[in-house]
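Here the structure is laid out as C-alpha cells; the discussion comes afterwards.
The values are calculated or read from the model by the stated rules, or taken from the named source; none is laboratory data. For clarity, every value in this text was computed on a predicted model and none was experimentally measured. Neighbour counts are summed over all protein chains in view; Cβ atoms, including those assigned to glycine, are modelled from backbone coordinates with ideal geometry.
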Amino acid sequence: MSDHILVLSTVPYEQKGWEIARTLVQERLAACVTVSAVCRSFYWWEDSISEEKECLLFVKTRSVLYPRLEARLKEIHPYTVPEIIALPIDHGSESYLKWMNKETRGIQEK
C-alpha cells in the first residue's frame, strides 16, 4: 500500500469546496486540498440521470489518515452520498512527499 494518497470528492459549489478544504487542512487531515473550477457531472441518482455543476476537490494526504479523513468528510459534506475516492500515489517528487508527511504529522493517528 502506498504511504500517500490522492482523495477525490465533488461539491456543489466553490464556496463549499473552500470550506471543506480549509477544515481538512486546519485539522491536518490533508497537507493540501485543491478546489477545481466548475465542471459538469453526469450521474445516476434516484433512478434518473442527473446533470449538475460541481467542483472537484483534490485532497493530498497519507494513507494512514484515510479513515479519519473519510469520516470527517462525511460529517461536513452537503451530499447524502458524497463521492470519496482514494487513489495511491505511486511516484512523486521526494521533496513534495516529505512535505506532505511533515504537514500531516502531529495529529493522533489510529
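Selection within the stretch 90-110: residues that are among the acidic types (Asp, Glu) and in a helix (DSSP H, G or I). The member of this set that is nearest to Ala21 (Cα to Cα) is Glu103. Here is the figure for the stretch 55-89: residues that are closer than 17 Å to Lys16 by Cα and of a type outside the set (A, V, I, L, M, F, W, C) total 10. Within the stretch 38-79, being out of contact with any strand residue (DSSP E or B) (no Cβ under 7 Å at 6 or more places or on another chain), without any contact (Cβ under 8 Å) to a residue 40 or more places away in the chain and aliphatic (A, V, I, L, M) holds for one residue alone: Ala71. For the stretch 13-39, taking the residues that are aliphatic (A, V, I, L, M) and assigned to a strand (DSSP E or B), the one that is nearest to Leu57 (Cα to Cα) is identified as Val35. Residue-level analysis places Glu83 outside the set of residues that are among the charged types (D, E, K, R), surrounded by fewer than 11 Cβ atoms within 10 Å (Cβ to Cβ) and touching a strand residue (DSSP E or B) at 6+ places or on another chain (Cβ under 8 Å). Scanning the stretch 59-73 turns up at least one residue that is closer than 16 Å to Val7 by Cβ and of a type in the set (S, T, N, Q). Considered as a group, the residues in the stretch 1-40 that are polar (S, T, N, Q) and modelled with pLDDT of 95 or more include one that is surrounded by the most Cβ atoms within 10 Å (Cβ to Cβ), and that residue is Ser9.
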